[in-house]
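What follows is a single structure, written as C-alpha coordinates, with notes after it.
The values are calculated or read from the model by the stated rules, or taken from the named source; none is laboratory data. All of these numbers come straight from a predicted model, not from anything done at the bench. All Cβ positions, glycine included, derive from the backbone under ideal geometry; neighbour counts span all protein chains shown. SASA here: full protein model, heavy atoms, side chains in, ligands and nucleic acids out. Shrake-Rupley method; radii C 1.70, N 1.55, O 1.52, S 1.80 Å.
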Amino acid sequence: MIPEPIRRTARALAEGNLVAFPTETVFGLGGDASNPAAVARIFETKGRPADHPLIVHVSDVELLAPLADGVADYALALARAFWPGPMTLIVRRSAAVHDVVTGGQSTVGVRVPSHPTAVQLLRQFEDLGGRGVAAPSANRFGRVSPTTADAVRAELGDILRPTDIILDGEQPEVGIESTIIDCTGPAPAVLRPGSITDEMITAVTGSALGERAAGIRVSGSLPSHYAPAAAVVLNETPRPGDGLIALRHLETPAGVVRLAAPESVDEFARTLYAALRAADDAGISRVVALEPPGPGVAVAIRDRLRRASNGRRSSSATER
Ligand code: TXA
Ligand code: MG
(Lines give C-alpha, C1' and ligand atoms only; values in the text may rest on other atoms or scores of the structure.)
(Ligands and ions follow the chains in the order given, each with its own letter.)
Protein backbone atom coordinates (compact mmCIF):
# COMPACT_ATOMS: atom_id res chain seq x y z
CA MET A 1 0.00 0.00 0.00
CA ILE A 2 1.53 3.31 -1.09
CA PRO A 3 1.27 6.04 1.59
CA GLU A 4 -1.06 8.96 0.78
CA PRO A 5 1.70 11.64 0.78
CA ILE A 6 3.50 9.69 -1.95
CA ARG A 7 0.30 9.31 -3.99
CA ARG A 8 -0.36 13.01 -3.69
CA THR A 9 3.22 13.75 -4.76
CA ALA A 10 2.89 11.49 -7.82
CA ARG A 11 -0.29 13.37 -8.81
CA ALA A 12 1.54 16.68 -8.37
CA LEU A 13 4.24 15.43 -10.76
CA ALA A 14 1.65 14.29 -13.30
CA GLU A 15 0.03 17.75 -13.11
CA GLY A 16 3.32 19.41 -14.08
CA ASN A 17 4.54 20.52 -10.64
CA LEU A 18 8.05 20.09 -9.27
CA VAL A 19 8.75 17.63 -6.50
CA ALA A 20 11.87 17.24 -4.37
CA PHE A 21 12.34 13.66 -3.19
CA PRO A 22 14.97 11.59 -1.38
CA THR A 23 17.11 9.05 -3.20
CA GLU A 24 19.88 6.85 -1.80
CA THR A 25 22.44 9.39 -3.10
CA VAL A 26 21.07 12.92 -2.56
CA PHE A 27 17.67 14.64 -2.85
CA GLY A 28 16.48 15.22 -6.41
CA LEU A 29 14.31 18.02 -7.82
CA GLY A 30 11.96 16.12 -10.09
CA GLY A 31 9.61 17.00 -12.91
CA ASP A 32 7.66 14.99 -15.50
CA ALA A 33 10.34 14.21 -18.12
CA SER A 34 7.73 14.26 -20.90
CA ASN A 35 6.43 17.72 -19.93
CA PRO A 36 8.77 20.37 -21.43
CA ALA A 37 7.28 23.17 -19.30
CA ALA A 38 7.93 21.24 -16.08
CA VAL A 39 11.47 20.40 -17.19
CA ALA A 40 12.14 24.04 -18.11
CA ARG A 41 11.07 25.04 -14.60
CA ILE A 42 13.69 22.67 -13.12
CA PHE A 43 16.45 24.60 -14.92
CA GLU A 44 14.93 27.92 -13.88
CA THR A 45 14.53 26.87 -10.23
CA LYS A 46 18.12 25.63 -9.98
CA GLY A 47 19.55 28.54 -11.94
CA ARG A 48 21.15 25.90 -14.16
CA PRO A 49 22.27 26.56 -17.76
CA ALA A 50 20.00 24.82 -20.30
CA ASP A 51 22.88 22.92 -21.88
CA HIS A 52 23.51 20.82 -18.75
CA PRO A 53 21.29 17.76 -19.22
CA LEU A 54 19.12 16.03 -16.61
CA ILE A 55 19.02 12.40 -15.50
CA VAL A 56 15.74 10.54 -16.16
CA HIS A 57 14.67 8.35 -13.22
CA VAL A 58 12.51 5.25 -13.70
CA SER A 59 11.42 2.49 -11.32
CA ASP A 60 12.73 -0.54 -13.18
CA VAL A 61 15.53 -1.76 -15.47
CA GLU A 62 12.88 -2.70 -18.07
CA LEU A 63 12.06 0.98 -18.52
CA LEU A 64 15.52 1.76 -19.93
CA ALA A 65 14.74 0.34 -23.38
CA PRO A 66 11.96 2.82 -24.32
CA LEU A 67 14.26 5.77 -23.51
CA ALA A 68 17.31 4.39 -25.33
CA ASP A 69 18.27 3.69 -28.90
CA GLY A 70 20.35 0.53 -28.76
CA VAL A 71 22.08 -0.32 -25.49
CA ALA A 72 25.53 -1.94 -25.42
CA ASP A 73 25.70 -5.41 -23.86
CA TYR A 74 28.12 -4.20 -21.18
CA ALA A 75 25.62 -1.46 -20.24
CA LEU A 76 22.86 -4.04 -19.80
CA ALA A 77 25.22 -6.08 -17.62
CA LEU A 78 25.91 -2.98 -15.47
CA ALA A 79 22.19 -2.22 -15.25
CA ARG A 80 21.44 -5.76 -14.10
CA ALA A 81 24.27 -5.70 -11.58
CA PHE A 82 23.79 -2.27 -9.99
CA TRP A 83 20.16 -1.18 -10.50
CA PRO A 84 18.29 -0.28 -8.49
CA GLY A 85 21.16 1.74 -7.08
CA PRO A 86 23.49 4.76 -7.21
CA MET A 87 24.52 4.52 -10.87
CA THR A 88 23.55 6.58 -13.93
CA LEU A 89 24.06 5.19 -17.43
CA ILE A 90 24.51 7.55 -20.39
CA VAL A 91 23.04 5.91 -23.50
CA ARG A 92 21.97 7.07 -26.94
CA ARG A 93 18.48 8.46 -26.53
CA SER A 94 15.27 7.38 -28.26
CA ALA A 95 12.83 9.78 -29.92
CA ALA A 96 10.70 9.53 -26.74
CA VAL A 97 13.15 11.74 -24.84
CA HIS A 98 12.60 15.49 -25.07
CA ASP A 99 15.38 17.88 -26.17
CA VAL A 100 14.83 20.01 -23.10
CA VAL A 101 15.85 17.04 -20.88
CA THR A 102 19.06 16.30 -22.77
CA GLY A 103 20.10 19.86 -23.59
CA GLY A 104 19.86 18.89 -27.25
CA GLN A 105 22.48 16.12 -26.87
CA SER A 106 21.97 12.78 -28.63
CA THR A 107 22.36 10.90 -25.35
CA VAL A 108 20.35 10.59 -22.15
CA GLY A 109 21.27 9.73 -18.57
CA VAL A 110 19.04 7.11 -16.95
CA ARG A 111 18.94 5.92 -13.34
CA VAL A 112 16.87 3.42 -11.36
CA PRO A 113 17.18 4.53 -7.71
CA SER A 114 16.84 2.14 -4.76
CA HIS A 115 15.58 4.50 -2.04
CA PRO A 116 12.15 3.13 -0.95
CA THR A 117 10.44 6.55 -1.17
CA ALA A 118 11.88 7.23 -4.63
CA VAL A 119 10.85 3.79 -5.88
CA GLN A 120 7.28 4.16 -4.61
CA LEU A 121 7.00 7.66 -6.07
CA LEU A 122 8.27 6.55 -9.49
CA ARG A 123 5.96 3.49 -9.54
CA GLN A 124 2.95 5.55 -8.58
CA PHE A 125 3.82 8.18 -11.22
CA GLU A 126 4.21 5.42 -13.84
CA ASP A 127 0.79 4.03 -12.82
CA LEU A 128 -0.62 7.46 -13.67
CA GLY A 129 0.93 7.15 -17.15
CA GLY A 130 4.25 8.88 -16.36
CA ARG A 131 7.34 7.98 -18.41
CA GLY A 132 10.26 8.99 -16.25
CA VAL A 133 11.08 11.77 -13.79
CA ALA A 134 13.80 14.20 -14.84
CA ALA A 135 15.74 15.15 -11.71
CA PRO A 136 18.99 16.92 -10.94
CA SER A 137 20.20 17.28 -7.35
CA ALA A 138 17.84 19.65 -5.49
CA ASN A 139 20.34 22.49 -4.96
CA ARG A 140 21.02 25.80 -6.68
CA PHE A 141 23.52 25.38 -9.53
CA GLY A 142 27.10 24.91 -8.31
CA ARG A 143 26.14 24.46 -4.65
CA VAL A 144 26.25 21.51 -2.26
CA SER A 145 23.70 18.74 -2.97
CA PRO A 146 21.07 18.37 -0.24
CA THR A 147 20.89 15.19 1.85
CA THR A 148 17.91 16.23 3.99
CA ALA A 149 14.48 17.74 3.28
CA ASP A 150 15.50 20.71 5.47
CA ALA A 151 18.53 21.33 3.25
CA VAL A 152 16.21 21.31 0.21
CA ARG A 153 13.98 23.89 1.92
CA ALA A 154 17.02 26.04 2.68
CA GLU A 155 18.14 25.84 -0.99
CA LEU A 156 14.84 26.13 -2.82
CA GLY A 157 12.08 26.92 -0.31
CA ASP A 158 11.81 30.54 -1.46
CA ILE A 159 11.69 29.65 -5.17
CA LEU A 160 9.31 26.69 -5.24
CA ARG A 161 5.58 27.28 -5.79
CA PRO A 162 2.83 26.36 -3.32
CA THR A 163 1.77 23.46 -5.57
CA ASP A 164 5.31 22.01 -5.62
CA ILE A 165 6.16 19.45 -2.94
CA ILE A 166 9.21 18.61 -0.84
CA LEU A 167 8.84 14.96 0.12
CA ASP A 168 10.66 13.77 3.23
CA GLY A 169 12.00 10.26 3.76
CA GLU A 170 14.82 8.16 5.15
CA GLN A 171 18.25 9.77 5.04
CA PRO A 172 20.20 8.99 1.85
CA GLU A 173 22.44 6.01 2.55
CA VAL A 174 25.23 6.95 0.13
CA GLY A 175 25.29 10.74 0.55
CA ILE A 176 27.11 11.70 -2.66
CA GLU A 177 25.76 11.68 -6.22
CA SER A 178 25.55 8.59 -8.42
CA THR A 179 28.43 7.22 -10.47
CA ILE A 180 27.87 8.40 -14.06
CA ILE A 181 29.02 5.98 -16.75
CA ASP A 182 29.12 6.85 -20.44
CA CYS A 183 27.93 3.72 -22.25
CA THR A 184 28.00 5.08 -25.80
CA GLY A 185 31.56 3.94 -26.62
CA PRO A 186 33.18 0.53 -26.99
CA ALA A 187 33.83 0.35 -23.22
CA PRO A 188 32.25 2.09 -20.18
CA ALA A 189 33.84 5.46 -19.27
CA VAL A 190 33.32 6.96 -15.82
CA LEU A 191 32.25 10.62 -16.12
CA ARG A 192 31.63 11.17 -12.40
CA PRO A 193 32.98 8.79 -9.73
CA GLY A 194 30.62 7.58 -7.01
CA SER A 195 29.98 4.65 -4.73
CA ILE A 196 29.78 2.24 -7.68
CA THR A 197 33.55 2.15 -8.06
CA ASP A 198 35.88 1.49 -11.00
CA GLU A 199 36.71 -1.89 -9.44
CA MET A 200 33.01 -2.84 -9.23
CA ILE A 201 32.43 -1.81 -12.85
CA THR A 202 35.35 -3.73 -14.32
CA ALA A 203 34.43 -6.78 -12.22
CA VAL A 204 31.09 -6.87 -14.06
CA THR A 205 32.25 -6.02 -17.57
CA GLY A 206 35.49 -7.99 -17.40
CA SER A 207 37.36 -5.35 -19.42
CA ALA A 208 39.25 -2.09 -18.90
CA LEU A 209 37.43 1.23 -18.55
CA GLY A 210 37.16 3.44 -21.63
CA GLU A 211 38.50 6.98 -22.00
CA ARG A 212 36.18 9.88 -21.38
CA ALA A 213 35.09 11.35 -24.72
CA ALA A 214 35.88 15.01 -25.38
CA GLY A 215 33.02 17.48 -25.43
CA ILE A 216 30.72 15.69 -22.99
CA ARG A 217 29.21 18.16 -20.57
CA VAL A 218 28.88 17.04 -16.98
CA SER A 219 28.21 20.02 -14.75
CA GLY A 220 29.64 18.18 -11.76
CA SER A 221 32.86 18.08 -13.73
CA LEU A 222 33.32 21.84 -13.80
CA PRO A 223 36.35 22.75 -11.69
CA SER A 224 34.20 24.54 -9.09
CA HIS A 225 31.08 22.72 -7.94
CA TYR A 226 29.53 21.27 -4.79
CA ALA A 227 30.80 24.42 -3.06
CA PRO A 228 29.56 25.88 0.24
CA ALA A 229 29.89 29.60 1.09
CA ALA A 230 32.90 28.79 3.29
CA ALA A 231 36.28 28.45 1.61
CA VAL A 232 37.28 24.78 1.53
CA VAL A 233 41.01 24.01 1.67
CA LEU A 234 42.51 20.56 1.45
CA ASN A 235 45.17 18.85 3.53
CA GLU A 236 46.32 21.90 5.50
CA THR A 237 46.76 22.21 9.24
CA PRO A 238 43.58 23.89 10.52
CA ARG A 239 43.83 27.16 12.43
CA PRO A 240 41.68 28.13 15.43
CA GLY A 241 38.17 29.01 14.20
CA ASP A 242 38.44 26.77 11.14
CA GLY A 243 36.11 23.82 10.58
CA LEU A 244 37.63 20.37 10.13
CA ILE A 245 36.38 17.36 8.18
CA ALA A 246 38.59 14.29 8.52
CA LEU A 247 38.55 10.59 9.32
CA ARG A 248 37.97 9.88 13.02
CA HIS A 249 41.53 8.85 13.92
CA LEU A 250 42.83 12.31 12.93
CA GLU A 251 42.88 14.72 15.86
CA THR A 252 41.14 18.08 16.23
CA PRO A 253 43.65 20.85 17.12
CA ALA A 254 42.63 23.28 19.89
CA GLY A 255 40.07 25.89 18.84
CA VAL A 256 39.08 24.05 15.67
CA VAL A 257 35.44 23.10 15.07
CA ARG A 258 35.15 19.42 14.17
CA LEU A 259 32.41 19.22 11.52
CA ALA A 260 32.68 15.49 10.83
CA ALA A 261 34.73 12.61 12.20
CA PRO A 262 33.66 9.64 10.06
CA GLU A 263 34.96 6.20 10.98
CA SER A 264 34.98 4.88 7.40
CA VAL A 265 34.97 6.22 3.85
CA ASP A 266 31.31 5.20 3.52
CA GLU A 267 30.46 7.32 6.55
CA PHE A 268 32.65 10.10 5.10
CA ALA A 269 30.51 10.15 1.95
CA ARG A 270 27.26 9.95 3.91
CA THR A 271 28.10 12.90 6.19
CA LEU A 272 30.20 15.15 3.92
CA TYR A 273 27.50 17.43 2.51
CA ALA A 274 25.74 17.91 5.86
CA ALA A 275 29.13 18.86 7.35
CA LEU A 276 29.72 21.49 4.61
CA ARG A 277 26.24 22.90 5.23
CA ALA A 278 26.84 22.93 8.99
CA ALA A 279 29.91 25.09 8.40
CA ASP A 280 27.81 27.69 6.60
CA ASP A 281 25.08 27.53 9.26
CA ALA A 282 27.69 28.14 11.97
CA GLY A 283 29.19 31.06 10.04
CA ILE A 284 32.56 29.32 9.70
CA SER A 285 34.51 30.97 6.89
CA ARG A 286 37.20 28.34 6.28
CA VAL A 287 36.90 24.56 6.28
CA VAL A 288 39.91 22.26 6.16
CA ALA A 289 39.22 18.81 4.72
CA LEU A 290 41.77 16.02 4.96
CA GLU A 291 41.32 13.79 1.92
CA PRO A 292 40.79 10.09 2.67
CA PRO A 293 43.38 7.97 0.84
CA GLY A 294 42.87 4.83 -1.18
CA PRO A 295 40.70 3.42 -3.96
CA GLY A 296 36.93 2.79 -3.96
CA VAL A 297 34.54 5.45 -2.73
CA ALA A 298 37.50 7.52 -1.45
CA VAL A 299 38.10 8.42 -5.12
CA ALA A 300 34.62 9.98 -5.33
CA ILE A 301 35.08 11.80 -2.01
CA ARG A 302 38.35 13.34 -3.23
CA ASP A 303 36.63 14.34 -6.48
CA ARG A 304 33.90 16.21 -4.58
CA LEU A 305 36.34 17.78 -2.11
CA ARG A 306 38.53 19.08 -4.92
CA ARG A 307 35.59 20.68 -6.67
CA ALA A 308 34.30 22.12 -3.38
CA SER A 309 37.76 23.58 -2.79
CA ASN A 310 38.07 24.84 -6.36
CA GLY A 311 41.72 23.82 -6.49
CA ARG A 312 42.77 25.22 -3.08
CA ARG A 313 45.03 22.49 -1.73
CA SER A 314 48.58 22.21 -0.53
CA SER A 315 49.35 18.53 -0.91
CA SER A 316 47.32 15.56 -2.03
CA ALA A 317 46.54 12.10 -0.80
CA THR A 318 46.82 9.14 -3.17
CA GLU A 319 45.89 10.15 -6.71
CA ARG A 320 43.36 8.15 -8.68
O1 TXA B 1 22.75 10.79 -7.65
C2 TXA B 1 22.39 11.49 -8.61
O3 TXA B 1 22.79 11.30 -9.75
C4 TXA B 1 21.38 12.62 -8.31
C5 TXA B 1 20.04 11.99 -7.90
C6 TXA B 1 18.96 13.03 -7.72
O7 TXA B 1 19.67 11.03 -8.86
N8 TXA B 1 21.23 13.46 -9.47
C9 TXA B 1 22.22 14.29 -9.88
O10 TXA B 1 21.86 15.03 -10.98
O11 TXA B 1 23.30 14.37 -9.34
P12 TXA B 1 22.68 16.33 -11.45
O13 TXA B 1 21.88 16.89 -12.57
O14 TXA B 1 22.89 17.22 -10.28
O15 TXA B 1 23.99 15.74 -11.98
C16 TXA B 1 23.95 14.92 -13.13
C17 TXA B 1 25.11 15.19 -14.01
C18 TXA B 1 25.13 16.60 -14.54
O19 TXA B 1 26.45 17.08 -14.40
C20 TXA B 1 24.75 16.45 -15.99
O21 TXA B 1 25.37 17.44 -16.79
C22 TXA B 1 25.23 15.06 -16.30
O23 TXA B 1 24.98 14.34 -15.14
N24 TXA B 1 24.47 14.45 -17.41
C25 TXA B 1 23.15 14.22 -17.46
N26 TXA B 1 22.80 13.72 -18.66
C27 TXA B 1 23.94 13.62 -19.37
C28 TXA B 1 24.24 13.20 -20.69
N29 TXA B 1 23.31 12.78 -21.54
N30 TXA B 1 25.54 13.25 -21.10
C31 TXA B 1 26.51 13.67 -20.26
N32 TXA B 1 26.26 14.11 -19.01
C33 TXA B 1 25.01 14.09 -18.57
MG1 MG C 1 23.98 18.37 -9.07
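Quick rundown of the values:
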quantity	calculated
Separation of the SER285 and ARG212 label points, Cα + 7 Å toward Cβ, nm	3.3 nm
Å² of accessible area per residue within the chain, as computed with a 1.4 Å probe and no ligands counted	41 Å²
Angle between the chain longest axis and helix 297-309 axis [Cα atoms, degrees, rounded to 10]	80 degrees
Between helix 73-82 and the chain: long-axis angle, C-alpha atoms, 0 to 90°, nearest 10	60 degrees
Debye, to nearest 20: dipole size of segment 231-318, +1 on Lys, Arg Cβ, -1 on Asp, Glu Cβ	260 debye
Rounded to the nearest 20 debye, dipole of the chain from Cβ charges on Lys, Arg, Asp, Glu	680 debye
Dipole of the chain [Lys/Arg +1, Asp/Glu -1 at C-beta], most positive-end residue of GLY130, THR271, GLY142	GLY142
Spin-label pair SER106/ASP51, simplified geometry with 7 Å Cα→Cβ offset, distance in nm	1.8 nm
Length added when fully stretched, ASP127-VAL204, from 0.36 nm per residue minus Cα-Cα	24.5 nm
Sites THR252 and GLU15, calculated FRET efficiency, Cβ-Cβ separation with R0 56 Å, nearest 0.05	0.70
Three-way shape label, segment 52-134, alpha-carbon gyration tensor, a/c 1.5	oblate
Peptides ranked, highest mean first, by Cβ atoms within 10 Å: ranges 19-25, 88-94, 36-42, 197-203	19-25, 88-94, 36-42, 197-203
Carbon + sulfur, % of accessible area of the chain - ligands and nucleic acids excluded, 1.4 Å	51 percent
Residue with peak Gaussian network fluctuation, the chain [Cα springs, cutoff 10 Å], from SER145, SER114, SER264	SER264
The chain: radius of gyration and largest Cα-Cα distance (Dmax), Å	19.1, 60
Helix 36-46 vs. the chain, principal-axis angle (Cα, 0 to 90°, nearest 10)	10 degrees
